[in-house]
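Heads up, the thing below is written out as structure tokens.
Nothing in this text is a laboratory measurement; each read-out follows from the coordinates by a stated rule. These numbers were taken from a predicted model, which means no experiment stands behind them. Quick reminder, even Gly has a Cβ in these numbers, built from the backbone with ideal geometry, and neighbours come from all protein chains shown.
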Amino acid sequence: MIRRCKKEDLNEVLRIERICFNHPYDYSTFLYFLINDKNGFYIAKKNNQIVGYIIASVRGDKGTLVSIAVLPEFRRKGIGSRLMRESLAYLSRKVNYVELQVRVSNFEAINFYKKFGFEEIGFIPNYYIDGEDALIMLKRLRFKGK
Ligand SMILES: CC(C)(COP(=O)(O)OP(=O)(O)OC[C@H]1O[C@@H](n2cnc3c(N)ncnc32)[C@H](O)[C@@H]1OP(=O)(O)O)[C@@H](O)C(=O)NCCC(=O)NCCS
């Protein structure tokens, strides 16, 4: 089941974040995104457990895919795709295109984004806190107007 994130979900989301990333976002960052745009933040639930999340944000005519993660034991079962489809449907009502940054070494995520039609459009050297470079990827959306 995919639904909007609520404040009471954030501790579970934080647990997923810490399992999935070496440099995780903290609670206040998640709270900021939730307050900033509650429609851009979705979670995936399976058997009453939160197993993944996705965050998108909107500024002007541009959407940004801030983060997506699925617990390791629930990957390759289509959960990330369901989260992405929900997020893209939301963004398509708001913006013309969506951009994201991803670690150049994150083959799994790059492959996942390519499957959804994201294209590599640039590169930011030294983008991450540990010095790793980022790829910039972009997808145009079928924006139907506000
Ligand atoms: C990226 C991520 C969210 C994908 O979630 P998921 O639930 O496994 O995704 P899906 O099962 O919907 O996969 C959809 C497609 O993405 C691609 N893909 C996903 N994982 C992949 C992997 N490990 N290797 C290669 N391709 C992969 C495949 O094309 C896959 O389709 P297929 O299973 O039919 O081959 C998940 O791997 C994850 O949480 N990674 C760690 C967090 C992360 O790096 N997030 C991105 C930060 S920028």
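Between TYR127 and residues 5 or more places away or on another chain, which pairs have amide H atoms under 5 Å apart, with H built 1.01 Å from N, and which residues are they?
ASP133, ALA134
Under the Karplus relation 6.51 cos²θ - 1.76 cosθ + 1.60, θ = phi - 60°, what is the ordered set of whole-Hz ³J(HN,Hα) values for region 111-127, x standing for Gly and Pro?
For region 111-127, the Karplus curve yields 4, 4, 5, 4, 4, 8, x, 6, 10, 6, 10, x, 8, 10, x, 6, 6 Hz.
So if I take the alpha carbon set of region 1-75, get Rg, then get Rh from the Kirkwood formula, what is the Rg over Rh ratio?
Reported Rg/Rh (Cα atoms, Kirkwood Rh): 0.95.
Using Cβ counts within 10 Å as a stand-in for footprinting exposure, how do ARG103, ARG85 rank, fewest first?
The order, fewest Cβ neighbours first, is ARG85, ARG103.
Roughly how many whole Å is it from the C-alpha centroid of region 93-146 to that of region 45-69?
Measuring centre to centre over Cα atoms gives 14 Å.
If you place +1 on the Cβ of every Lys and Arg and -1 on the Cβ of every Asp and Glu, how big does the dipole about the Cα centre of region 2-140 come out, in debye to the nearest 20? Walk me through the intermediate numbers first.
Details: 23 positive and 16 negative charges, 161 e Å.
Here region 2-140 has a charge dipole of around 780 debye.
So which aspartates and glutamates can LYS62 reach, going by Cα to Cα under 15 Å and dropping same-chain residues fewer than 8 places off?
Straight-distance partners of LYS62: ASP37, GLU99.
First measure r as the distance between the Cβ atoms of ILE129 and LYS46, then evaluate 1/(1 + (r/R0)^6) with R0 = 30 Å and state the FRET efficiency to the nearest 0.05.
With a Förster radius of 30 Å, E is 0.45.
Provide the gained length on full extension for the span ARG76 to ALA89, in nm with one decimal, where the gain is 0.36 nm per separating residue minus the Cα-Cα distance. Mind dumping the intermediate values first?
Working: separation 13, 0.36 × 13 = 4.68 nm, distance 2.13 nm.
Computed gain between ARG76 and ALA89 is 2.6 nm.
Rounded to whole Hz and in sequence order, give me ³J(HN,Hα) for region 67-76 from the Karplus expression 6.51 cos²θ - 1.76 cosθ + 1.60, θ = phi - 60°, writing x for Gly and Pro.
The phi angles translate into 6, 8, 7, 10, 3, x, 6, 10, 6, 6 Hz.
Report Rg(Cα)/(2.2 N^0.38 Å) for region 2-140, keeping two decimals.
Details: Rg = 14.2 Å, N = 139, 2.2 N^0.38 = 14.3 Å.
Normalised by 2.2 N^0.38 Å, the Cα Rg of region 2-140 equals 0.99.
When Lys and Arg each count +1 and Asp and Glu each count -1, what net charge do the other residues less than 11 Å away from PHE112, Cβ to Cβ, add up to?
+3
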